[in-house]
1. Here are the criteria: (1) surrounded by 18 or more Cβ atoms within 10 Å (Cβ to Cβ); (2) within 20 Å of residue 108 (Cα to Cα); (3) at pLDDT 95 or above. Tell me which single one residue 22 does not satisfy.
2. Cβ-Cβ below 6 Å, separation at least six or inter-chain, first residue in the stretch 21-45 and free of Cβ contacts under 8 Å to residues at least 60 places away in the same chain, second outside any helix (DSSP H, G or I) and loosely packed, with under 14 Cβ neighbours inside 10 Å: which pairs?
3. Return the pair list, or none, for Cβ contacts closer than 8 Å from residues in the stretch 47-60 that are on the phi > 0 side of the Ramachandran plot and free of Cβ contacts under 8 Å to residues at least 12 places away in the same chain to residues that are crowded, with 16+ Cβ neighbours inside 10 Å and part of a helix (DSSP H, G or I), at least 6 apart or on different chains.
């Protein structure tokens with residue numbers, strides 16, 4: 001269980017490195033060479049969550065700017081992988097008892113709510 005947890009935490013760290021590369025070093029990265037730049041290039045990939053790329057027109061599909069945002073562009077996909085593998089890795093290291101699974105679920109929900117509230121009002 002501990003090895004699975006450590007692997008998941010390594011995956012979390014790698015995902016964060018990809019996020020930072022996309023955000024801060026895109027022009028010097030391998031991602032610039034990928035075909036689907038609409039998904040990979042953070043300069044405009046964020047628009048994928050909006051109908052016609054316009055936030056004023058609303059979500060491209062139900063939940064595309066919230067619960068399913070991780071499937072709209074590369075940065076958000078790796079953010080989803082980062083968060084989930086970090087929480088799951090800690091859960092595996094702690095042990096998969098029902099008690100820990102409950103606290104993991106509560107912590108993940110509280111984390112998501114805190115992010116959403118602060119992001120919305122900043």
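1. Unmet for residue 22, out of (1) surrounded by 18 or more Cβ atoms within 10 Å (Cβ to Cβ); (2) within 20 Å of residue 108 (Cα to Cα); (3) at pLDDT 95 or above: (2).
2. 40/34
3. 53/47
Residue-by-condition table, conditions (1) at pLDDT below 95; (2) closer than 30 Å to residue 105 by Cβ; (3) touching a helix residue (DSSP H, G or I) at 6+ places or on another chain (Cβ under 6 Å):
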residue	(1), (2), (3)
12	no, yes, yes
31	no, no, yes
34	no, no, yes
37	no, no, no
47	no, no, yes
54	no, no, no
75	no, yes, yes
82	no, yes, yes
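The values are calculated or read from the model by the stated rules, or taken from the named source; none is laboratory data. Model, not experiment: these values are computed from the prediction. Cβ coordinates were reconstructed from backbone atoms using ideal geometry, including for glycine residues, and neighbour counts include every protein chain displayed.
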